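Undergrad: A single structure is presented below for examination.
Read the figures in this text as sums done on the coordinates, not as results from a lab. Just so it is clear, the structure is predicted and the values come from calculations on it, not from any experiment. Positions of Cβ are backbone-derived with ideal geometry, glycine not excepted, and every protein chain shown enters the neighbour counts.
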Amino acid sequence: MSLLRELLTPKRIIVFVILAVLLIFFSRQLGTVVLPFLIAASCAVILEPLVNFLVRRLRFPRSIAALATLIAVGGLALYGIILIIGQLVGQLIDLASLLPVYRETITDMTEDLLSHVQALNESLPAIVSVNIQNSVQDFLVTLENSTKDLINRVLEMFSGMPSFVLVTIITLVATYFISRDKDLIIDTFMQFVPPSSREKALEFREKLSVDLFGYVKGRFLMLLISMAITAIGLVLIGTRYWVLLAIVIGIIDQIPVIGPGIVFTPWVAMCVIAGDIDRAVYLTLLYFVLFAVRNFAEPKIIGDSVGLHPLIMLLAMYGGVVFFGVVGLILGPVLAIIIRATTAAGLIKFPPYSDK
């Protein structure tokens, strides 16, 4: 008898339906509540090799090994985050103060472009030129206000540090307990599994751990690679806000379909309009380097580790956003990995495909 038949008793089906209904109605709230513990579980999986090394090779007690690993890795990560946030806030404030100057520069560029167009085609009515200038001016005012609003929102996020600190503390404490009591947690879950199906459940746990570790490690590595390539390229070009742009482009590069082209395309176009052909060429080369690295490295780093088709990951991310909001970008792929581990362990069996 399969594990599903043993688990899906009438009472458990009723409980499952009730939980599913509650999940649908309170999905966004549950996503916010579950996310710190999901991050904690992922961190515990990532730290597990180091903890095992301290326990097996250096004979540390597991509690001390988990604490020492968390302090060492967490301290390095916190130091890096503080450095990045310091640069990011400084560049955001600088950018906000210079937005009016940039708007005037773009306005002058537009007027120069229109004068060239009129010189080439004297038949262009003056009223058309005026309307174009007014439209561009209105667009730039709207763009400036929207950018200021976005920057203010980001800065307000940093001002809300108490809630961020609380979530961080909860995540760190949960990571420690999950890492320290890994065996106890596994044994507790195994008590709810029928004895005849515990072998498959253990296989599911191993498969899930490997896939989750591969996904988190792969995605984080791709983020670091994208940010590093972007930062180096922008520094060589002499871009002023290289930290801010490297973070934004690195994050956007992890979103399927969209990619960094949404930033580079208008940027290159503005450089061409401004006559800065050299910068436009350098930015285009940087974009193609990012594009090539992503297409060659991502299948190897993530695809081989998780084994999910990019289309499945895209569907998981989109479905996660629909049901859980922004946190669904993380929850969706994790749920897809859980489902794949369930089928790989034989907990869910599909009938074999036949074209007859």
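Undergrad: Per 0.36 nm of contour for each residue apart, how much would the distance between Ile273 and Ile81 grow if the chain were fully extended, relative to their Cα-Cα spacing? Mind dumping the intermediate values first?
TA: On the way: separation 192, 0.36 × 192 = 69.12 nm, distance 3.66 nm.
Stretched fully, the Ile273-Ile81 segment lengthens by 65.5 nm.
Undergrad: Right, another one. Taking the Cα centre of each part, how many Å lie between the stretch 220-295 and the stretch 182-213?
TA: So the two Cα centres are separated by 43 Å.
Undergrad: Note down the nm distance, to one decimal, between modelled labels 7 Å out along Cα→Cβ at Thr343 and at Thr168.
TA: Simple spin-label model gives 4.0 nm for this pair.
Undergrad: Please order Arg180, Arg62, Arg198 by the number of other Cβ within 10 Å, starting at the fewest. If you can, show how the numbers build up before the last one.
TA: On the way: Arg180 20, Arg62 16, Arg198 13.
Lowest count first: Arg198, Arg62, Arg180.
Undergrad: Still on this structure, I have one more. Apply the a/c threshold of 1.5 to the C-alpha gyration tensor of the stretch 176-226 and tell me whether it is rounded, prolate or oblate.
TA: Values: a/c = 5.56, a/b = 1.99, b/c = 2.80.
Oblate, since a/c reaches 1.5 and b/c is not below a/b.
Undergrad: How far apart, in nm, are the 7 Å Cα→Cβ label points at Phe288 and Phe37?
TA: For Phe288 paired with Phe37, the spin-label model returns 5.0 nm.
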